[in-house]
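The values are calculated or read from the model by the stated rules, or taken from the named source; none is laboratory data. Owing to the predicted nature of the structure, the values given are computational and were not obtained by experimental measurement. Glycine gets a Cβ as well: all are built from the backbone with ideal geometry, and neighbour counts include every protein chain shown. When the accessible area is computed, the model is the full protein with side chains, heavy atoms only, and any ligands, DNA or RNA have been set aside. Shrake-Rupley method; radii C 1.70, N 1.55, O 1.52, S 1.80 Å.
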Amino acid sequence: MKKTFFLFFAVLLVTFAQAQITDDARASYNRNKPERQEWLRDMGFGMFIHWSMDSQLGIVISHSMVGASEDYTNRFINELPKTFDPTEFDAYKIARQAKLAGMKYIVFTTKHHSGFCMWDTETTDFNITNTPYKKDLLKEYVEGVRKAGLAVGFYYSPEDFNFLRENGVLVRRRGLDLSDEMKSKYNDFIRRQTHELFSNYGKIDVLFIDGNPKEPCKDEAWNLQPDLVITRGAVNTPEQKLLGVVDDNLWESCVTMGTQWQYKPTNDELKSAGSVIEMLIETRAKGGNLLLNIGLDPFGAIPDPEARNLTELAAWQFINQEAIQGSRPWIIPQEGNIWFTASKDRKTVYAIITDIKNWSRGDRKEFVLGSVKATPNTKISVLGQNDLVVEYKPNADAKSRFKQTDKGLEISVVRAQRIYNNAKWPNPIIVKIENVLPSLDPPIIETQKAKVANKTVTLSGNLLKKGDAKKVKVGFEYRLYAGFVENISNKTWHETSFREASNEAEFTVVLENLQPGKTYEYRAVVVHPQMSIYGDVKKVTTKNE
């Protein structure tokens, strides 16, 4: 029986600062079992692998076929597979690298939009067995990931450029006008491929469906494997961005390590391991999963720069995995540069301190947490540390302490553990605080649609809930949109004017002197006496002069 899901946020019994979220990747129905969705939420962090035979060229995966000449397309389909021989592909090694980095599942490209299949399929000759490699690479992937103890995920594209070309349809992603007969043929083709994928490789845990039509794939996959969790096609899957607010349901952001999904050996800009760690922290603080993409090289290995990043991730996760795996959001996602995750019962809070640039090993620092309240049984510690020793400093006091005050919970902790030889480990430190309670009822803010005039933009927000403060301040933050891939690394925001609010109500701010014909992002903000709460991020494009 089909179920229709409408994604909305209102004032919930749980006190989250939430606002309306929309995502084009959400489909019309979801047959995922609730307990299986919670299982995937517990995983928290996965590896995405985009890889196909055009990785030999270091170009965008599949999309170069759109608008390509007949000569290019012929050689892409008939010549490029003849040199694809990924002799260094070792699924078990890749899975071990992922596991060390704290990843609990892998999602692998079985077929991207080009139509090239990484398995031994009877539906098309355009597949891995008709290359010098000859073997069923997908089978090797499944076996290697299972051997490493990780969950097995498939990426599958119903869109198939080779199918379109063979059937006399112009290769394109938008504006397809297929006859009923062709639609039926296309849907049958998708069902037959999906049947192979979910009949020939044992239990598959996760499916990411990219492209349309999704429904033939979804139905066939769920019918064959009812315990399967479908992400894209059933739940919210933001691409190259994170949600702006907490969503206490399964959602999964997919983000590239560099600027391209597939292997890009030149002209690329890789994210640092530190920036990936901060994205993972923010994702988990807002209730989501992070699916970090790696593009294998033409020989089937993780390229060296990406592998180095995974090693740094491994070190951080080895220390701090408790705050990431199986965690859920706290009553608010952050207080300034301190992010929060919590245990499922919310009796334990993890305060994740991201700004440690000027924090030397052996030094003590104090922080005040406005949203956390101690109890008679409260305990405090720093993940990875024993609170007893600072190496080479026998007289140092390494003990973590806390004190409840009128300002909030004051915590005092020492950066004691040496991770790098030079003691300049740059990544976040996590303070574990057990047996606590929420100390306040936070406000809830919603970002609304902006109105564009000739030379002005009117931003609109709604204070849905004031919380326990007598008065709060409301306003907005805004910034130029940096681009689809680049924007996730953009941390700069500009503030508008703010005004006091003593009641729940809508509010507006008029912006002038914005650049014409440019896209801006904006979000509503409510300033509580003890923290700021942010609404979801929206876009608006100014008019050309």
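Values as computed for the structure displayed
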| quantity | calculated |
| --- | --- |
| In the stretch 480-502, residue most open to solvent (accessible area, probe 1.4 Å) [restricted to those that are assigned to a loop (DSSP other than H, G, I, E, B) and at pLDDT 95 or above] | 497 |
| Flag for residue 208 being hydrophobic (A, V, I, L, M, F, W, C), over 16 Å from residue 119 (Cα atoms) and in a strand (DSSP E or B) | yes |
| From 124, 73, residue being open to solvent by less than 60 Å² (accessible area, probe 1.4 Å) and not in a helix (DSSP H, G or I) | 124 |
| Matching residues in the stretch 314-371 - criterion: being in contact with a Ser or Thr (Cβ under 7 Å, 6 or more places away or on another chain), within 16 Å of residue 383 (Cα to Cα) and acidic (Asp, Glu) | none |
| Residues being part of a loop (DSSP other than H, G, I, E, B), open to solvent by less than 50 Å² (accessible area, probe 1.4 Å) and farther than 22 Å from residue 247 by Cβ - total across the stretch 467-479 | 1 |
| Of all residues making up the stretch 222-259, the number that are out of contact with any His (no Cβ under 9 Å at 6 or more places or on another chain) and not in a strand (DSSP E or B) | 25 |
| Within the stretch 95-117, tally of residues that are hydroxyl-bearing (Ser, Thr, Tyr) and assigned to a loop (DSSP other than H, G, I, E, B) | 1 |
| Segments classed as strands (runs of 3 or more DSSP E), wholly inside the stretch 504-545, with at least 1 members that are of a type in the set (D, E, K, R) and under 15 Å from residue 472 (Cβ atoms) | 506-512 |
| Hits in the stretch 265-304 (condition: out of contact with any Ser or Thr (no Cβ under 8 Å at 6 or more places or on another chain), assigned to a loop (DSSP other than H, G, I, E, B) and either at pLDDT below 95 or surrounded by fewer than 21 Cβ atoms within 10 Å (Cβ to Cβ) (or both)) | 265, 266, 267, 270, 272, 301, 303 |
| Boolean, residue 30 is modelled with pLDDT of 95 or more and open to solvent by 60 Å² or more (accessible area, probe 1.4 Å) | no |
| Matching option when the condition is open to solvent by 10 Å² or more (accessible area, probe 1.4 Å), on the phi > 0 side of the Ramachandran plot and touching a helix residue (DSSP H, G or I) at 6+ places or on another chain (Cβ under 8 Å), among 175, 168, 202 | 202 |
| Residue in the stretch 151-171 that is of a type in the set (Ser, Thr, Tyr) and part of a helix (DSSP H, G or I) present | no |
| Which listed residue, of 67, 144, 58, is out of contact with any Cys (no Cβ under 7 Å at 6 or more places or on another chain), surrounded by fewer than 24 Cβ atoms within 10 Å (Cβ to Cβ) and under 30 Å from residue 327 (Cβ atoms) | 144 |
| Of all residues in the stretch 89-121 being aromatic (Phe, Trp, Tyr) and either open to solvent by less than 30 Å² (accessible area, probe 1.4 Å) or in contact with a Pro (Cβ under 9 Å, 6 or more places away or on another chain) (or both), the one that is farthest from residue 77 (Cα to Cα) | 105 |
| The stretch 435-466, residues that are assigned to a loop (DSSP other than H, G, I, E, B) and surrounded by fewer than 19 Cβ atoms within 10 Å (Cβ to Cβ) | 439, 441, 453, 454, 455 |
| Hits in the stretch 252-264 (condition: touching a residue at least 60 places away in the same chain (Cβ under 8 Å), more than 17 Å from residue 103 (Cβ to Cβ) and open to solvent by less than 10 Å² (accessible area, probe 1.4 Å)) | 262 |
| Subset tally (residues that are surrounded by 14 or more Cβ atoms within 10 Å (Cβ to Cβ) and not basic (Lys, Arg)) for the stretch 364-396 | 17 |
| Members of the stretch 406-426 found to be open to solvent by 40 Å² or more (accessible area, probe 1.4 Å) and within 18 Å of residue 377 (Cα to Cα), listed by number | 410 |
